[in-house]
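The values are calculated or read from the model by the stated rules, or taken from the named source; none is laboratory data. The structure presented is a predicted model; accordingly, all values stated were derived computationally and were not measured. Here the Cβ positions follow ideal geometry from the backbone for every residue, glycine too, while neighbour counts run over all protein chains shown. Ligands, DNA and RNA are excluded from the accessible area calculation, which covers all protein heavy atoms including side chains. Shrake-Rupley method; radii C 1.70, N 1.55, O 1.52, S 1.80 Å.
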Amino acid sequence: MSARVLIIEDEEALRISVAKIIGRLGHQVETAPNATAGLDRLSHEPFDIVLTDFRLPDLDGLEVLERTRQMRPEAEVILFTGFGSIPLAVQAIKLGAYDFITKPVKRADLERVVARAIDKHALAAENRRLRLQLDDHGRSPLDRIVGRSEPIRELLRIVEQVAPSTATVLIEGRSGTGKELVAEALHALSPRRQRPLVKVNCGAIPETLLEAELFGYERGAFTGAVGRRDGRFALADGGTLFLDEIGNLTLPVQAKLLRVLQDGAFEPLGSSRTVQADCRIIAATNADLRQEVAAQRFREDLFYRLNVIAIRIPTLKERPDDIPLLARHFLMRYSARNGKAVDAFSGDALSALLAWEWPGNIRELEHAVERAVVLAPGRTIEPPHLPEPVRALAASASAGRPTVAIPLGTPLDEVERLLIADALTRTGGNKVRAASLLGISPRTIYRKHPPEPGEIG
């Protein structure tokens, strides 16, 4: 199986020798003399395997690993290291590198490690392909909530803890943050998962029909009711009822919903019979129900009944570390759906995605990536393929990056400190965006500019 291999090595003799050995195995090989050139190549071209020296003149192996995982999370990284750097190489493996090879490099070791890395990459690629073919209902519910940031890890922890209970849950979050995904995960991880999850968008059903949709009706209950029909509560019996945008319920429907929450009982429209429904309620809203209660548009007693357990979903602006992961997730999805081979973002495109504040949250990012996949003629998404407001950031960044006045003779460590401090000021303290502005990894900023006492990094 032929693979694309990138070698980043500043020792010319070793770089040429390794390239010849791997090339003779039938693989496509590209080389770079330093990390900057290698990462630039990586941002524009897909590679399956990256072999990089741990000690490079511009970046160390850990930083190359982190930038590679950000741009090409599917690539396997192998490190060349001297004997004295083995502990750091082991640390790199813990952070996601495939393996390391000690110098002087032995041909047998090189061929063996590269062959295994290619096998692992091929297996992972096949697994990704199979996952893309699965229906959404065949996937793990938590796998569908993409992200590794601290807010998302906390969200997943709460979902796992709350799901097995019978408590009513109120999911709060801006439009496009993924409230429905969280509701699906709560149901799929609950004892009710074998029973239906019934969804109702309270904002999409006309007010005159919403009560009939929820509670059902008898024949002749109103004009057009030509037969008896069960409502969503009856359909969700034994399962879960998800009421999205619950803030749109009228006060009369709110009163009837309150009774169901208290007694599990209701009467269909046009009927005097009482129906029992055993269903767990998960509600969601993008409005502040506390303000709605204060304005007397939402019943206070219903709010407290719904708000037994509140789960707040962070906006995308609050979790910028997840933007590359989400963008990659949507890239794979829409490349597969459109039958295209688009599989990468250029460095400028990724920087633009990180710089945009995404007022429409994950839904806006998803649509932006779908658009870019459709418009990209090759394998890499570039800034022109992004929506105009997003690509404008990339254009302004490349046309004229902000400058900092630094007197001649300033020590190098002080120059670094001044540049990082300036970037943090320009980005309001956001270390991920500051790193994007400087073209370095967030890890470097965290290492060289640790949080002050009392500051959350």
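Details
- Filter result for residue 90 (open to solvent by 10 Å² or more (accessible area, probe 1.4 Å), aliphatic (A, V, I, L, M) and touching a strand residue (DSSP E or B) at 6+ places or on another chain (Cβ under 9 Å)): yes
- Failed criterion for residue 84 (all others in (1) assigned to a helix (DSSP H, G or I); (2) within 24 Å of residue 112 (Cβ to Cβ); (3) touching a residue at least 24 places away in the same chain (Cβ under 8 Å) hold): (3)
- Taken over the range 184-219, the criterion of being over 21 Å from residue 253 (Cβ atoms) and surrounded by fewer than 16 Cβ atoms within 10 Å (Cβ to Cβ) is satisfied by 191, 193, 194, 219.
- Hits in the range 331-346 (condition: within 22 Å of residue 317 (Cβ to Cβ) and touching a helix residue (DSSP H, G or I) at 6+ places or on another chain (Cβ under 6 Å)): 331
- Flag for residue 451 being touching a Gly at 6+ places or on another chain (Cβ under 7 Å), modelled with pLDDT under 70 and open to solvent by 40 Å² or more (accessible area, probe 1.4 Å): yes
- The range 1-40 - residue that is among the hydroxyl-bearing types (Ser, Thr, Tyr) and more than 18 Å from residue 61 (Cα to Cα) and, of those, most open to solvent (accessible area, probe 1.4 Å): 2
- Considering the range 324-383, and only residues there that are in a loop (DSSP other than H, G, I, E, B) and in contact with a Lys or Arg (Cβ under 7 Å, 6 or more places away or on another chain), the residue that is surrounded by the most Cβ atoms within 10 Å (Cβ to Cβ) turns out to be 342.
- Of everything listed in (1) of a type in the set (Ser, Thr, Tyr); (2) in contact with a Lys or Arg (Cβ under 9 Å, 6 or more places away or on another chain); (3) open to solvent by 60 Å² or more (accessible area, probe 1.4 Å), the single unmet condition for residue 81 is (3).
- Given (1) among the polar types (S, T, N, Q); (2) within 21 Å of residue 149 (Cβ to Cβ); (3) at pLDDT 90 or above, index of the condition residue 351 fails: (3)
- Count of the range 17-37 residues, restricted to those that are in contact with a Ser or Thr (Cβ under 8 Å, 6 or more places away or on another chain) and at negative phi, is 4.
- Test for residue 181: is it crowded, with 18+ Cβ neighbours inside 10 Å, at pLDDT 95 or above and within 36 Å of the chain's Cα centre (by Cα): no
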